[in-house]
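Report on the structure given below.
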Amino acid sequence: MITSEQVLDVLRRVKDPELGRDIVSLGMVREVRVEGDRVALTVVLTTPACPLTERIEADIREALQALPGVRAVDLRMTAQVPSHARLQTIEGLTIKNILAVGSGKGGVGKSTVAANLAVALAGMGAVVGLMDADVYGPNIPEMLGVSRIPAPRDNRIIPAVAYGVRVMSLGFLLPPDQPVIWRGPMLHSAVRQFLTDVDWGLLDYLVVDLPPGTGDVAISLAQLVPVTGAVVVTTPQGVSVSDVGRAVRMFERLEIPVLGVVENMSGFVCPHCGQVTEIFGKDGGRRLAERMGVPFLGSVPLDPRVVAGGEAGRPVVIAYPDSPAAQALRAIAQQVAARISVLNLQEPAMRTSPA
C-alpha cells in the first residue's frame, strides 16, 4: 500500500526551477492524502504569477504516476506569496513585498509600465496595491480611469480600486494642473503618509511608481521601509540608457536589489505591413543590463494602443490583452514575481505571512 512518506520521497525529486530546491523542502507540499490507489495533495507556489506553474504541475504528476500503485492523482495548485523578511519587522505594516519602479529620466513610459505590471499581477490572482509616488507628475489615476478615493474610515485614507488594484496618488488630492513645489522634508512626509496612513489591507505586492531621476522620493522610500526590489525602465535610445544606468547605481547604493531592466518602446511594428522600425534604436536595454550585471526582463514594443489605453483609463493588458505589448508586460510581471520569490528565499529570516 502507498504511504504518505513514499509520496513525499518521490516529490523530493521535483524542483522549483526558479528557486532551485525541491518542493518538499520549500514547504510547498500540503495536505497529502492516500486513499487506495489515489493520491490527493495541495501544492502552494510562492506566487500566483509563477511563470512555470504548468511545468511544475507536469513534473509532479509525472513523478507520482511513476510510483508503483498510483492510478490517479488529485492535484490542487494554489499560491501564497511569502513576505520579505525585513518588512515583517515593521509594526502595523501589512504589505508583504514592495516593488519600486524607476528610471533615470522622464519620457520612457515608467508610469505606464508600473500601472500595467500592477494590473497584470492582480489579474494573475495576487493582491496588489499601486502607490503613485511620482509626485511631480501623478498621472496614475488617469491611466487607470479613477478620479477620486472613498471617504476616510477610522481616520485612515481608503485607496481607490481599479482593475483589482488598490490605488493611491497625490493626484486624488490636488486640483488639476496644480504643480507640486515641495522640498525634501515635505516629499519625505508624503511618502511616509502614503505608506502608513493609507489602509492598504494585506497586500502581496505594493508597486511604487517613483519620479524620474535619483532624488528625494527614492531616498525617502528606502529610509522608511525595506524595499524588496526595483525594476528600472529605459528606452533603447543611448541617452536614455545612460541616465537609467545612474538609476541602477542609485538603487544599489540604497541597498535595493535591482530585479532587472525593462526596455520600453523597443520597436514599432507597422500594423499594415508588419515591418519593424527601430525608432529609438535597438537592444539598448539589453546592453545596459549586461553592462550593469543585472537581469534583462524583456522588451515592450512601441504600440499606439498602449498610449490609447492609458489615455482612456484602460491599461493595455486589459484593453488589448492579445497585443504584443500586453503579452510582453504580462511576461515581465511573471519574471518580476519569480525574482521576488527567489530574493525572499535567500532572506535568512524569511517566513510566510498568514493568508
Of all strands (runs of 3 or more DSSP E) fully inside segment 108-210, the set with 2 or more residues that are surrounded by 21 or more Cβ atoms within 10 Å (Cβ to Cβ) and not small (Gly, Ala, Ser) is 128-132, 165-169, 205-209
If we keep only residues of segment 117-136 that are of a type in the set (A, V, I, L, M) and in contact with a Leu (Cβ under 7 Å, 6 or more places away or on another chain), then the residue modelled with the lowest pLDDT is Val135
Note: among Thr228, Thr214, Thr234, just one is touching a residue at least 12 places away in the same chain (Cβ under 8 Å) and within 18 Å of Arg166 (Cβ to Cβ), namely Thr228
In segment 114-128, anything out of contact with any helix residue (DSSP H, G or I) (no Cβ under 7 Å at 6 or more places or on another chain) and closer than 16 Å to Ala230 by Cβ is listed as Ala114, Ala118
Residue pairs within 8 Å by beta carbon, gap of at least six or interchain, first lying in segment 11-37 and on the phi > 0 side of the Ramachandran plot, second hydroxyl-bearing (Ser, Thr, Tyr), listed first then second, are Gly27/Thr352; Glu31/Thr42
Of the residues in segment 223-244 that are modelled with pLDDT of 90 or more and either more than 19 Å from the chain's Cα centre (by Cα) or not assigned by TED's automatic domain parsing to the domain that holds Val108 (or both), the one that is surrounded by the fewest Cβ atoms within 10 Å (Cβ to Cβ) is Gln223
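Looking at segment 53-68, which of its residues are under 32 Å from the mean Cα position of the chain (by Cα) and small (Gly, Ala, Ser)? Can you show your working first?
Initially, segment 53-68 is screened for residues under 32 Å from the mean Cα position of the chain (by Cα), giving 53-63.
Scanning segment 53-68 gives Ala58, Ala63.
Please tell me if Phe172 is assigned by TED's automatic domain parsing to the domain that holds Met124, within 26 Å of Thr228 (Cβ to Cβ) and over 20 Å from the mean Cα position of the chain (by Cα).
Values: assigned by TED's automatic domain parsing to the domain that holds Met124: yes; within 26 Å of Thr228 (Cβ to Cβ): yes; over 20 Å from the mean Cα position of the chain (by Cα): yes.
So Phe172 passes the test.
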For segment 69-83 the number of residues that are free of Cβ contacts under 8 Å to residues at least 40 places away in the same chain and either more than 23 Å from Ala126 (Cα to Cα) or under 22 Å from the mean Cα position of the chain (by Cα) (or both) is 6
Going by the conditions given, is Ser220 modelled with pLDDT under 95, of a type in the set (S, T, N, Q), surrounded by fewer than 24 Cβ atoms within 10 Å (Cβ to Cβ) and farther than 16 Å from Ala114 by Cα?
yes
By residue number, the members of segment 300-312 that are small (Gly, Ala, Ser) and either surrounded by fewer than 18 Cβ atoms within 10 Å (Cβ to Cβ) or free of Cβ contacts under 8 Å to residues at least 60 places away in the same chain (or both) are Ala308, Gly309, Ala312
By my count, helices (runs of 4 or more DSSP H) wholly in segment 241-355 with at least 1 residues that are in contact with a helix residue (DSSP H, G or I) (Cβ under 6 Å, 6 or more places away or on another chain) and either of a type in the set (S, T, N, Q) or closer than 19 Å to Ser103 by Cα (or both) are 284-292, 304-311, 324-346
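Do we have any residue at all in segment 266-287 that's within 26 Å of Pro141 (Cα to Cα) and not β-branched (Val, Ile, Thr)?
We begin by selecting, within segment 266-287, every residue within 26 Å of Pro141 (Cα to Cα); these are 266.
Going one step further and asking which of them are not β-branched (Val, Ile, Thr), we end up with 266.
Checked against the condition, which is being within 26 Å of Pro141 (Cα to Cα) and not β-branched (Val, Ile, Thr), segment 266-287 yields at least one hit.
Kindly establish whether Thr3 is out of contact with any Leu (no Cβ under 6 Å at 6 or more places or on another chain), within 30 Å of Val207 (Cα to Cα), loosely packed, with under 15 Cβ neighbours inside 10 Å and in contact (Cβ under 8 Å) with a residue 24 or more places away in the chain.
Numbers: out of contact with any Leu (no Cβ under 6 Å at 6 or more places or on another chain): yes; within 30 Å of Val207 (Cα to Cα): no; loosely packed, with under 15 Cβ neighbours inside 10 Å: yes; in contact (Cβ under 8 Å) with a residue 24 or more places away in the chain: yes.
No; evaluated as a whole, the condition is false for this residue.
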Taking segment 261-297 and keeping residues surrounded by 21 or more Cβ atoms within 10 Å (Cβ to Cβ) and within 20 Å of the chain's Cα centre (by Cα) leaves Val261, Val262, Glu263, Asn264, Met265, Gly285, Ala289, Leu297
Residue pairs qualifying under the 8 Å Cβ cut-off, at least six apart or on distinct chains, with the first in segment 51-67 being part of a helix (DSSP H, G or I) and the second being surrounded by 14 or more Cβ atoms within 10 Å (Cβ to Cβ) and among the acidic types (Asp, Glu), are Ile56/Asp16
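The values are calculated or read from the model by the stated rules, or taken from the named source; none is laboratory data. The structure presented is a predicted model; accordingly, all values stated were derived computationally and were not measured. Methodologically, a virtual Cβ is constructed for each residue, glycine included, from the backbone with ideal geometry; neighbour enumeration extends over all protein chains shown.
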